[in-house]
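Structure record follows, encoded as structure tokens.
The values are calculated or read from the model by the stated rules, or taken from the named source; none is laboratory data. Since this is a predicted model, take the numbers as computed values, not measurements. All Cβ positions, glycine included, derive from the backbone under ideal geometry; neighbour counts span all protein chains shown. For accessibility, only protein heavy atoms count, side chains too; no ligands or nucleic acids. Shrake-Rupley method; radii C 1.70, N 1.55, O 1.52, S 1.80 Å.
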Amino acid sequence: MKSTIVITDPGIDDMIALVLLHKLNSGNVCLIPTFGNATEQVTVQNVKECISFVSPSWQWMHGSSVPLNGHLEHPWPDYFHGPDGVWGVHPSVDISMMKPLHVFPNYTQVISLATVTDVNKLNAIHKIQQITLMGGAFTVKGNETEFAETNFAFDPDAAHVFFQQVSHGRVQVVPLDVTRKVTWTFDQVQAVPETNAINIWLKKLLVTWFKNYTHEREKQFCLHDPLAVYLSYFPDVAKWYTSGVRIVTKGKKRGASVFCKENYPCAIAFDLNDPQMISEHIYSLIFLGNQL
């Protein structure tokens with residue numbers, strides 16, 4: 001299996017994505033918690049809890065605490081994730097002895113579920129063969145602003161630098177255009193079988209989200225980050241458009257992602273063959289223990 005670095009800011013859908021990765025990948029994994037859905041201090045704690053509870057062989061190292069320009073431009077999305085990223089639903093684990101790595105491992109695959117800030121740091125050190133980014137909104141409205149998706153909006157300058165400078169490997173972009181098509185309903189969440197500790201934890205986390213979130217933007221639970229992980233392993237279920245990407249860095253559209261002929265060609269997921277099948281397969285992999 002692939003040795004994988006995951007840049008993440010858990011975050012509820014990040015937690016779902018990390019459990020999915022645990023089901024799909026028996027290889028080496030290093031998590032890099034960064035700012036985004038909460039402060040880096042909070043996401044570090046959530047990552048350590050996830051590793052201890054879900055996959056103790058995984059490693060971790062500190063990520064960035066601020067954007068490339070040093071200035072946070074948006075409030076933390078407490079309305080979606082709660083002030084601690086997980087609406088107070090924490091597994092009961094001891095993380096006091098968990099120590100971070102201090103050097104990026106030279107792994108072949110990177111999955112970014114957060115800002116692109118640390119992707120640039122990695123890409124400057126190692127020649128990464130495959131990079132999957134959850135981010136962007138090309139033909140739909142953003143979720144942080146009308147124009148920008150959250151991961152790119154929280155550090156537009158880093159995203160701009162990445163797409164301008166990347167020059168090798170396969171770069172997959174998984175934007176809101178497709179992640180909003182893969183969802184779970186409250187009824188599906190309630191039907192999660194409480195057959196093991198991870199199921200019980202995730203079910204409580206999701207039920208708490210449904211009860212606390214206002215549902216003004218999303219009526220169902222969108223599998224934003226889980227879909228990015230899923231497409232890293234099952235790319236054939238998506239329809240990909242090849243294009244360079246440019247990030248707007250000035251004006252009211254700051255953070256917006258647009259197609260660009262000049263930059264390095266990326267594979268952008270613009271549609272899915274069967275969104276319901278993908279939703280059900282992710283559910284099955286995580287909660288029912290079913291494999292391929």
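Miscellaneous remarks
- Here Val192 does not qualify as over 28 Å from Ser3 (Cα atoms), surrounded by fewer than 19 Cβ atoms within 10 Å (Cβ to Cβ) and in contact (Cβ under 8 Å) with a residue 60 or more places away in the chain.
- Ser92 meets the conditions (1) open to solvent by 40 Å² or more (accessible area, probe 1.4 Å); (2) in contact with a helix residue (DSSP H, G or I) (Cβ under 8 Å, 6 or more places away or on another chain); (3) at pLDDT below 95 in every case but one. The failed one is (2).
- The stretch 1-24 residues that are more than 24 Å from Lys127 (Cα to Cα), paired with ones that are open to solvent by less than 10 Å² (accessible area, probe 1.4 Å) and of a type in the set (D, E, K, R) (beta carbon under 8 Å, 6 or more apart): Gly11/Asp225; Asp13/Asp225; Asp14/Asp225; Ile16/Asp225; Ala17/Asp225
- Pairing residues of the stretch 217-233 that are touching a residue at least 12 places away in the same chain (Cβ under 8 Å) with residues that are of a type in the set (D, E, K, R) and assigned to a helix (DSSP H, G or I), at Cβ distances under 8 Å and at least 6 apart in sequence or on separate chains, gives Phe221/Asp13; Cys222/Asp13; Leu223/Asp13; His224/Asp13; Asp225/Asp13; Asp225/Asp14; Pro226/Asp13.
- Scanning the stretch 12-45 for residues that are modelled with pLDDT under 95 and among the small types (Gly, Ala, Ser), we see that the one that is least open to solvent (accessible area, probe 1.4 Å) is Gly27.
- Some residue of the stretch 221-237 being in contact with an Asp or Glu (Cβ under 9 Å, 6 or more places away or on another chain), open to solvent by 90 Å² or more (accessible area, probe 1.4 Å) and under 19 Å from Val140 (Cα atoms): no
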